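Inspection log for the structure reproduced underneath, given as structure tokens.
The values are calculated or read from the model by the stated rules, or taken from the named source; none is laboratory data. From a predicted model like this one, the values you see are computed outputs, not experimental measurements. Methodologically, a virtual Cβ is constructed for each residue, glycine included, from the backbone with ideal geometry; neighbour enumeration extends over all protein chains shown.
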Amino acid sequence: MLETIPADEVDLDGKALAVRYRTDRGRSELVVVTVTAHRTEGDATFVRKSELTLVAVEARMTRAAMQARVRAEAARRGIQRVAWIEET
């Protein structure tokens with residue numbers, strides 16, 4: 001089960017996925033999705049190591065497909081936290 005976190009907690013100690021999405025202008029049933037995997041060692045006062053990996057870049061998919069892709073990616077990477085960031 002994925003824990004939903006606020007966007008500002010993505011870079012805190014541990015692993016997390018940041019999922020940015022917006023409705024596709026041409027097809028309202030689709031969303032444009034960018035997924036970034038974050039891995040951070042440290043806290044807000046001192047970050048020792050931080051890594052970012054782009055998983056999907058502006059991919060068009062349904063909301064159900066987006067959620068399935070995020071669940072699969074989280075399981076593959078051993079990630080328990082995700083920030084769902086809707087852009088307008």
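Among the listed residues ARG27, ARG39, identify the single one that is surrounded by 13 or more Cβ atoms within 10 Å (Cβ to Cβ) and farther than 16 Å from ALA72 by Cβ.
Exactly one of ARG27, ARG39 is surrounded by 13 or more Cβ atoms within 10 Å (Cβ to Cβ) and farther than 16 Å from ALA72 by Cβ, namely ARG39.
Filter the range 24-62 down to the residues that are hydroxyl-bearing (Ser, Thr, Tyr) and assigned to a strand (DSSP E or B), then identify the one that is farthest from LEU12 (Cα to Cα).
THR34
Out of curiosity, is VAL19 in contact with a Phe, Trp or Tyr (Cβ under 6 Å, 6 or more places away or on another chain) and either among the hydrophobic types (A, V, I, L, M, F, W, C) or in a strand (DSSP E or B) (or both)?
In short, yes.
Being surrounded by fewer than 18 Cβ atoms within 10 Å (Cβ to Cβ), within 16 Å of HIS38 (Cβ to Cβ) and either of a type in the set (Val, Ile, Thr) or touching a Cys at 6+ places or on another chain (Cβ under 9 Å) (or both) is the filter here, so list the residues in the range 64-88 that pass it.
Answer for the range 64-88, where residues must be surrounded by fewer than 18 Cβ atoms within 10 Å (Cβ to Cβ), within 16 Å of HIS38 (Cβ to Cβ) and either of a type in the set (Val, Ile, Thr) or touching a Cys at 6+ places or on another chain (Cβ under 9 Å) (or both): just ILE85.
Among the residues of the range 29-70, count how many are under 14 Å from ALA16 (Cα atoms) and small (Gly, Ala, Ser).
Residues flagged as under 14 Å from ALA16 (Cα atoms) and small (Gly, Ala, Ser) within the range 29-70 amount to 3.
Here are the criteria: (1) under 30 Å from ARG27 (Cβ atoms); (2) without any contact (Cβ under 8 Å) to a residue 60 or more places away in the chain; (3) touching a Ser or Thr at 6+ places or on another chain (Cβ under 7 Å). Tell me which single one ARG69 does not satisfy.
With respect to (1) under 30 Å from ARG27 (Cβ atoms); (2) without any contact (Cβ under 8 Å) to a residue 60 or more places away in the chain; (3) touching a Ser or Thr at 6+ places or on another chain (Cβ under 7 Å), ARG69 is out only on (3).
This table checks each residue for (1) of a type in the set (D, E, K, R); (2) closer than 17 Å to VAL82 by Cβ.
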position	(1), (2)
PRO6	no, yes
LEU12	no, yes
LYS15	yes, yes
GLU29	yes, no
VAL33	no, yes
ALA37	no, yes
VAL47	no, no
LEU52	no, yes
THR62	no, no
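Please specify each residue of the range 1-16 satisfying the condition of being in a loop (DSSP other than H, G, I, E, B), surrounded by 15 or more Cβ atoms within 10 Å (Cβ to Cβ) and of a type in the set (A, V, I, L, M).
Matches in the range 1-16: LEU2, ILE5, VAL10, LEU12.
State the number of residues belonging to the range 40-88 that are of a type in the set (D, E, K, R) and at pLDDT 95 or above.
11
Take the conditions exposed (fewer than 15 other Cβ atoms within 10 Å of the Cβ), within 11 Å of the chain's Cα centre (by Cα) and under 12 Å from ILE79 (Cβ atoms) and apply them to THR53. Does it pass?
yes
Go through LYS15, LYS49 for me and flag whichever is in contact (Cβ under 8 Å) with a residue 24 or more places away in the chain and touching a Gly at 6+ places or on another chain (Cβ under 8 Å).
Just one listed residue meets the conditions, LYS15.
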